[in-house]
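The values are calculated or read from the model by the stated rules, or taken from the named source; none is laboratory data. Since this is a predicted model, take the numbers as computed values, not measurements. Every residue, glycine among them, receives a Cβ derived from its backbone with ideal geometry; neighbour counts consider all protein chains shown. Each accessible area value is taken on the protein alone, full model and side chains, heavy atoms only, with ligands, DNA and RNA left out. Shrake-Rupley method; radii C 1.70, N 1.55, O 1.52, S 1.80 Å.
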There are 2 protein chains.
Amino acid sequence: MEIKKYLLPEKEMPRKWYNIMADMPTPMEPPLHPGTGQPCSPDDLAPIFPMNLIEQEMSTDRWIDIPEEVLDKYAIWRPSPLYRATGLEKALGTPAKIYFKNEGVSPAGSHKPNTAVAQAYYNKIAGTKKITTETGAGQWGSALSMSCAFFGIECKVFMVKVSYNQKPYRRLMMETWGANCIPSPSTETQAGRSILEKDPDSPGSLGMAISEAVEAAVTTPDTKYALGSVLNHVMIHQSIIGLEAIKQMKMAGDYPDIIIGSAGGGSNFAGLAMPFALDKINGKDIDIIAVEPASCPTLTRGPFAYDFGDTVKMTPLLPMHTLGHNFVPAPLHAGGLRYHGMSPIVSQLVLDGIVRPESVRQMETFEAGLKFARSEGYISAPECNHAIAMTIKEALKAKEEGKEKTILFNWSGHGLVDMRAYESYFKGNLSDMDLPQDVIDAALKDLENLPKPRQAT
Amino acid sequence: MEIKKYLLPEKEMPRKWYNIMADMPTPMEPPLHPGTGQPCSPDDLAPIFPMNLIEQEMSTDRWIDIPEEVLDKYAIWRPSPLYRATGLEKALGTPAKIYFKNEGVSPAGSHKPNTAVAQAYYNKIAGTKKITTETGAGQWGSALSMSCAFFGIECKVFMVKVSYNQKPYRRLMMETWGANCIPSPSTETQAGRSILEKDPDSPGSLGMAISEAVEAAVTTPDTKYALGSVLNHVMIHQSIIGLEAIKQMKMAGDYPDIIIGSAGGGSNFAGLAMPFALDKINGKDIDIIAVEPASCPTLTRGPFAYDFGDTVKMTPLLPMHTLGHNFVPAPLHAGGLRYHGMSPIVSQLVLDGIVRPESVRQMETFEAGLKFARSEGYISAPECNHAIAMTIKEALKAKEEGKEKTILFNWSGHGLVDMRAYESYFKGNLSDMDLPQDVIDAALKDLENLPKPRQAT
C-alpha cells in the first residue's frame, strides 16, 4: 500500500505560531491613520480590535505562544493531514511529486478557523460580547460563526451580496452555528445605505462589507470587528499550517522545491508559505508562488501603494499591492479571492523577491478542479482550484523538462457548498472575465492623493 | 491540552474485513428467488452482480482480505479518526464519556465509500464497464460516482425524486465525478413508467429506484448493479469502521458500554457495531442500539418476514424486518433512512437480542444536530442526527443515574450538502410525521402471500 497521507499526532501539534515580522528582509512600513495619515498607534485601533490582538498585530516576536484554550479547539481538526497526491500525479503522468496540506478537514471546511478560533478566544478574554465581520464566499463568516459558538460570543456577518445569493448553504451553516448573516451592501449601516444610494444593484464587494462590519462594530456597545485575512495577526495564526507541513514533509523524507497557494487576502497562502519562506530568506532555493485570479490581479497588475482596506475609507491605510479601494471585481465564483488589496506581509515578500505572483483564469481553475476530483476524490473550493491549476502547470512543466520536482500546495478548503459554481461551469455559463487595462487604470486613480510608501511601485 | 481524537496510522489500517456471518448466534436463512421462491443460487444473482461479489455475499469466512487496490483508495481518508466529544459532554453536563467515529472525512462525506470503492474495484476486475445504482439522500450515489471515477467505470444513478429536488448539491457532486444522475421514478425504465402511470406525482422511494437501477443493469450490456446497503457484502466492507474503532478505543484506554448507529438499510450501524457485536456474542455486556426514524420504523414496528428489496418485486426475497415493499415513507429529510426494509444481518441480530432497536422523531434529531454543531463544530447529515439524538438521551440518562458510561456512536457523515434540511427546520416547516398504525397495517398486507422465514414475527 502506498502512503497517501502524513498524520501528525495531536501531541506534536506546534505550540507556538511563527511571526515572519521578525525575519522580513525589509522592515515593514506601518499602517497609517485614515484621518491624519500618521502611523497608527495601538489606541487608534482600539475601537475595532481588542488590545491583545492589536499587540499581536504590531508584534515582532518571532514565536508567539498558542493559548491552551485555542489548542483545545484546534484539536477538533488539527494537525491537518499532509497528502501525497499520487492519483493526480498518475493522471498527469508527471515525474513531479505533489503534496498538499488538507485544510478542508475543519468543521467549516477551510483554513479559516485557524484564525477564527484564535480571534474569538482573544475577544472572549478581552470581554467582547459580540463580533461583526464581513465574508466573501462565506468561508470566513462560517468559520467565525462556529468559533463564536465555541466561546459564547454573538456574531453578525455581512456577506457580499453576490456570494450571499450564489451560496445559500454557507449562510445556513452560519445560522446553524447561531450567527446572524445579512447580505451586503445592506440598509443597516450608513456605509451600506450610501453605496445602495449610488448603485441599488451593487453586487457588493469585500471592501464594502468591511466598511459595514467596521461601522457596526464601532457603533454597538461591547462589540469588536474581526477580519479573516490581510492583517498581520491573521497571518501569524495561519502559520500553523506551514509549521505542521514542515514536520510532515520531514515524515515524508522530502522537502518542497515549489510551494503554491491561492491568494485573495493572502492568509491561506501565507499560512503555508511563511515558515518555508524563512528557509528561503536564509538562502534555501525554493520557488514560492502566490496564485490569484486573472480577473482580480492584485499582485500581478496592481502597484504597491498605501490604500484603504475598505471602500468607504474607514480602515487604516495599509502598505500593500492593491487595485484601488473602489475596484469591484467581476463576480467570479472564487468569492474569497475577490479583494482589491493584499496582505502587507505577502506584498512585502513579493517586493523582496521571496514570493513570485502568478495569475490563472477562471476556466482553467475549474478544469483543474475536475481533474483533481476525479483522481484524488476531493472536490475543491473554487478558490482552491487556483492553486491546483498552478500546481498542474508546474507538474506538467516538470514532465516536459524531465525533472523530479517536489511540489507542495495548500488545499485550503473543499467545495461541497460551492456546487452551484460547478453547475455554472457544466452549463457553460462561466468565462475567464478578462480585465481591460482601462478598468484598472480608472480604479488606481483613487490612490493618487494618498501617502506613498518608500518602495511604491 | 485534552486529547480530542485518536488517529491510527495508515500502516495499522486493518488488512481484512470482518464477516459476522461466521459468528451469528442463529444461522441466517437464505435469500429466495423472486420467481420460484427457492433459495437463490449464485447463478440467479449473476445478471446483476459480478461473481466475486456474489461469493462474498454468500461467504461464511470470518476474515476476508482487503485487496491492495482498495487499501490504496481507502488511504485517501482512512483510517478515519475516532473522536472524544468533550464539547458535547460539557454542553450536556454528563459524566458519560462520548466517543464518535468520524466517517465524514471521506471525499464524499460519509461512510458509503467504504463499500463503493470495494464494489467498483471488484466490478472492474470482473470486466464491468458500467454500474447502475439507486440513491436516497445521495450519499451512496455520490460515493459510487467517485469510486467509478477512480477505476474508470461509467456510472448511472437513479436518485429518489424527493431527494433529487431537496439536494441538488449531491447531484452536482455526482456530475463532478463524471456520473449521470436522474430523478426516480423516471421514464427510462419499464418499472419507472409503470409507477408514474399510477402516480405521476410519486415522490419516489428507495424501493422504486432499486427497481429502476436493477432493470437498467439487466437490460444494458456489460452493466451491473450496485447496492449501497442491506446486503451482506456491503456489511462486510463497512466492518472496517468497527475494526478501526476497536484499535482506537484501545488507544484511548477505554471500551464502550453503549454503541449507537443510525439505521436505514443498516450499513453504517452494522459497520461500527459488528466487530463489537462479536464481543457481545462471546459474553461481553454491551448495549448496541440501532436508531431509526419514528416515521420509517422498520425494526421497531415492522415484522421479521421475507420481502422484496424493491417495489416492483425484481429482487430476491430477503429475510428481514420490513414495512412491506410498497411502503412509501414520509418525505423526512434523512433520505438515507427512508427504506422499507433492513439488512438481514441487522434484522437477525435484533431477533437474537444482540442489537436493541430504538426510534427517534424528526424534530429531536435536528435539535440534537444543532447542539452537536455548536459544541463540536461539525454539522451532521440528518441521518446522523438520529444517532446523536439517541446518544444525547443515553448521556442524559447516565447523568440522571450518576453513571460514568462510555458511549460510542457512528458519525456517519456531515450535512454540508443537506443545509436545506436545516433551513426547513429553522423556518418551522418540519414536523415529526407520526405514522398511524393503519398505514403500516395496509402496507404489511403485501407480505401475506410471500414465503415465511422460520423465525417470522
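Considering only the range A:140-161, state which residues are under 20 Å from B:LEU416 (Cα atoms), in a helix (DSSP H, G or I) and away from chain B (no Cβ under 12 Å). Passing the criteria: A:TRP140, A:GLY141, A:LEU144. Being among the β-branched types (Val, Ile, Thr), within 25 Å of B:VAL417 (Cβ to Cβ) and surrounded by 24 or more Cβ atoms within 10 Å (Cβ to Cβ) is a property that does not hold for B:ILE345. Looking at the range A:10-44, which of the residues that are open to solvent by 20 Å² or more (accessible area, probe 1.4 Å) and within 14 Å of chain B (Cβ to nearest Cβ) is farthest from A:GLN348 (Cα to Cα)? Top of the filtered list is A:LYS11. Could you say which residue among A:ILE240, A:ILE286 is among the β-branched types (Val, Ile, Thr), surrounded by fewer than 19 Cβ atoms within 10 Å (Cβ to Cβ) and touching a helix residue (DSSP H, G or I) at 6+ places or on another chain (Cβ under 8 Å)? Only one candidate qualifies: A:ILE286.
State all residues of the range A:246-266 that are farther than 26 Å from B:LYS11 by Cβ and either in contact with a strand residue (DSSP E or B) (Cβ under 9 Å, 6 or more places away or on another chain) or of a type in the set (Asp, Glu) (or both); if no residue qualifies, say none. A:ASP257, A:ILE258, A:ILE259, A:ILE260, A:GLY261, A:SER262, A:ALA263, A:GLY264, A:GLY266 - these are the residues of the range A:246-266 that are farther than 26 Å from B:LYS11 by Cβ and either in contact with a strand residue (DSSP E or B) (Cβ under 9 Å, 6 or more places away or on another chain) or of a type in the set (Asp, Glu) (or both).
On inspection, A:ILE76 fails the criterion of being away from chain B (no Cβ under 14 Å) and touching a residue at least 12 places away in the same chain (Cβ under 8 Å). Can you name the residue in the range B:186-199 that is open to solvent by less than 90 Å² (accessible area, probe 1.4 Å) and out of contact with any Pro (no Cβ under 9 Å at 6 or more places or on another chain) and, of all such residues, is farthest from B:THR219 (Cα to Cα)? Only one residue tops the list, namely B:SER186. Among the residues of the range A:200-220, those that are open to solvent by 10 Å² or more (accessible area, probe 1.4 Å) and free of Cβ contacts under 8 Å to residues at least 60 places away in the same chain comprise A:PRO200, A:ASP201, A:THR219.
The condition of being surrounded by 17 or more Cβ atoms within 10 Å (Cβ to Cβ), touching a helix residue (DSSP H, G or I) at 6+ places or on another chain (Cβ under 9 Å) and within 14 Å of chain A (Cβ to nearest Cβ) holds for B:HIS414.
Residue-level check: of (1) within 12 Å of chain B (Cβ to nearest Cβ); (2) in a helix (DSSP H, G or I); (3) under 18 Å from the mean Cα position of the chain (by Cα), A:ALA108 misses just (2). Taking the listed residues B:LYS397, B:LYS427, B:LYS405, the one that is open to solvent by 20 Å² or more (accessible area, probe 1.4 Å), farther than 30 Å from A:GLY415 by Cβ and free of Cβ contacts under 8 Å to residues at least 40 places away in the same chain is B:LYS397, with no other qualifying.
Matching residues to (1) more than 12 Å from every other protein chain (Cβ to nearest Cβ); (2) more than 24 Å from A:THR322 (Cα to Cα); (3) in contact with a His (Cβ under 6 Å, 6 or more places away or on another chain):
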| site | (1), (2), (3) |
| --- | --- |
| A:TYR164 | yes, yes, no |
| A:PRO168 | no, yes, no |
| A:MET174 | no, yes, no |
| A:THR187 | yes, yes, no |
| A:ALA191 | yes, no, no |
| A:ILE195 | yes, no, no |
| A:ASP199 | yes, no, no |
| A:SER202 | yes, no, no |
| A:SER205 | yes, no, no |
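Taking the listed residues B:LEU323, B:LEU318, B:LEU278, the one that is within 19 Å of B:ILE64 (Cα to Cα), of a type outside the set (Gly, Ala, Ser), in contact (Cβ under 8 Å) with a residue 60 or more places away in the chain and touching a helix residue (DSSP H, G or I) at 6+ places or on another chain (Cβ under 8 Å) is B:LEU278, with no other qualifying. Candidates A:ALA368, A:ALA373, A:ALA305: the one that is closer than 26 Å to A:PRO275 by Cα and modelled with pLDDT of 95 or more is A:ALA305.
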